[in-house]
Amino acid sequence: MKALILQTFRYFWVALVGLVVDFGTLVLLTEVFNVNYLLSTVCGFLLGLLVNFLLSERFVFSDPKVRSPLLRFGLSALIGAIGLGLLTLLMWTQVDVFGWNYILAKVFATVFVYAWNFLARRVMYAA
């Protein structure tokens, strides 16, 4: 149980760094370059996912069940693609259907996608 708590704590900090990259890209592209919020969401998510993968490999998940780094990256990309689908659906629903501000929508959507990414990625590593 102690190992899970420590792993969750480390993942939180790694995810926070990825989130800064993700949100920063979203706001920069949308506000400065007038890119559609959904395209900005995808770009930010992908950059944040890459940062998250690299930092997680280094600081969070130390005992992989899947030994091949390339395969782990592929599985992480698949998990990320599912997360991106969830994120895009939630963003579109909250912004275009309910009329929320895209930043507020991103905050709520991120909570669900964060949980998905952590739980799904954890399966690739020893408990």
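Some observations on this one:
- Test: residue in region 57-65 that is out of contact with any His (no Cβ under 9 Å at 6 or more places or on another chain), in contact (Cβ under 8 Å) with a residue 40 or more places away in the chain and surrounded by 16 or more Cβ atoms within 10 Å (Cβ to Cβ): yes
- Residue among SER62, SER76, SER40 that is among the polar types (S, T, N, Q) and more than 14 Å from ARG121 (Cα to Cα): SER40
- Subset of region 93-107 that is free of Cβ contacts under 8 Å to residues at least 60 places away in the same chain and under 23 Å from LEU50 (Cβ atoms) - its residue that is most open to solvent (accessible area, probe 1.4 Å): VAL107
- From LEU47, LEU54, LEU29, LEU39, residue being open to solvent by 90 Å² or more (accessible area, probe 1.4 Å), at pLDDT 95 or above and either closer than 21 Å to THR110 by Cβ or in contact with a Pro (Cβ under 7 Å, 6 or more places away or on another chain) (or both): LEU39
- Pick from region 66-92, criterion within 25 Å of LEU4 (Cα to Cα) and among the hydroxyl-bearing types (Ser, Thr, Tyr), ranking: most open to solvent (accessible area, probe 1.4 Å): SER68
- Positions within region 14-26 being free of Cβ contacts under 8 Å to residues at least 40 places away in the same chain, open to solvent by 20 Å² or more (accessible area, probe 1.4 Å) and within 14 Å of SER56 (Cβ to Cβ), in sequence order: LEU16, VAL17, VAL21
The values are calculated or read from the model by the stated rules, or taken from the named source; none is laboratory data. The model shown is predicted, which means the values in this text are computed figures rather than measured ones. Because the Cβ atoms are built from the backbone with ideal geometry, glycine has one as well, and the counts that use them run over all protein chains shown. What goes into the accessible areas is simple: the full protein's heavy atoms, side chains included, and nothing from ligands, DNA or RNA. Shrake-Rupley method; radii C 1.70, N 1.55, O 1.52, S 1.80 Å.
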